Amino acid sequence: MNKPYDFTVFIGRFQPFHTGHLKVVREGLNQADKLILLIGSAWEPRNPRNPWTHQEREEMVRRCLSEAENARLLCLPLMDVPYNDEVWVRNVQSTVNGLVIAHHTVPHRPAKISLIGHRKDQTGFYLSLFPQWSSISIENYHKISATPVREAFFIDEPERVARELVSNDILPQQVADYLIDFSRTHPGFQHIHDEILFIKKYQQAWNTAPYPPVFVTVDSVVIQSGHVLLIERRASPAKGCGHCRADS
């Protein structure tokens with residue numbers, strides 16, 4: 001059966017991949033021969049907002065799909081470009097175009113491409129940034145947000161939380177199993193757990209302040225002899241972050 005599109009494109013962070021994401025992925029595969037999944041916030045350091053690498057998130061996705069579905073799924077990482085939508089759009093276009101050139105199998109006909117996502121959700125703003133492609137808007141399933149999922153998983157008992165998220169149709173079972181294994185075996189779990197608790201405790205210490213505090217972390221940039229000096233942090237927040245590189 002011919003599908004409406006050759007490629008659908010779904011862009012997201014998937015921190016973690018939840019049931020709402022899975023609904024979009026399945027619809028993307030239903031609408032096109034291949035689904036291009038661009039995994040955002042790639043190469044970010046492991047932190048409370050980005051606990052899992054793009055490789056780990058791709059594995060979560062693929063665990064939820066059949067062998068036949070995985071054969072039609074194309075995953076690539078996508079770097080964030082803060083405060084510059086124009087550069088980000090160009091990055092998306094070049095990534096998608098490269099995949100289309102490599103995988104479009106119909107000669108003498110331009111590929112039919114459509115973006116897919118939640119238009120009513122703030123994370124779906126990108127659906128209007130690519131007028132050259134069609135767009136498919138999917139209802140946000142149960143209005144699931146990954147943010148409370150992350151917080152509950154890292155603050156509370158991870159195995160109990162994961163099971164509850166499955167029973168509430170928020171996480172696929174395959175993702176819950178992956179997260180439970182992550183909490184048992186990966187040192188990154190304890191790092192994120194400690195970081196979140198530190199931040200919450202620090203913020204709570206200001207609850208009695210006579211004015212609403214603004215929590216901002218600011219670092220100085222030191223340039224000497226053509227080098228940028230970055231000092232590794234020994235304590236939370238962002239413990240362990242920092243490196244030194246030559247300034248070009």
Would you confirm whether any residue within segment 184-203 is modelled with pLDDT under 95, more than 30 Å from Arg57 (Cα to Cα) and loosely packed, with under 12 Cβ neighbours inside 10 Å?
-> no
If you check Ile39, Ile116, Ile101, which single one turns out to be in contact with a Gly (Cβ under 6 Å, 6 or more places away or on another chain) and β-branched (Val, Ile, Thr)?
-> Ile116
Filter segment 49-64 down to residues that are of a type outside the set (Val, Ile, Thr) and surrounded by fewer than 19 Cβ atoms within 10 Å (Cβ to Cβ) and give me whichever is modelled with the lowest pLDDT.
-> Arg49
Could you tell me whether segment 210-218 includes any residue that is modelled with pLDDT under 80 and not hydrophobic (A, V, I, L, M, F, W, C)?
-> yes
When residues of segment 139-155 are limited to those that are crowded, with 17+ Cβ neighbours inside 10 Å and of a type outside the set (D, E, K, R), the one nearest to His191 (Cα to Cα) = Phe154
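Yes/no matrix, rows are residues, columns are (1) surrounded by fewer than 18 Cβ atoms within 10 Å (Cβ to Cβ); (2) of a type outside the set (S, T, N, Q); (3) modelled with pLDDT under 95; (4) closer than 28 Å to Arg49 by Cα:
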{"site": "Val96", "(1), (2), (3), (4)": "no, yes, no, yes"}
{"site": "Val106", "(1), (2), (3), (4)": "yes, yes, yes, no"}
{"site": "Gly117", "(1), (2), (3), (4)": "no, yes, yes, yes"}
{"site": "Glu157", "(1), (2), (3), (4)": "yes, yes, no, yes"}
For segment 22-41, indicate whether the set of residues that are buried (at least 22 other Cβ atoms within 10 Å of the Cβ) and modelled with pLDDT under 95 is non-empty.
-> no
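The values are calculated or read from the model by the stated rules, or taken from the named source; none is laboratory data. The shown structure was predicted, so the numbers you read here are calculated from the model rather than taken from an experiment. For neighbour counting, all protein chains shown are included, and Cβ atoms are generated from backbone atoms with ideal geometry for every residue, glycine included.
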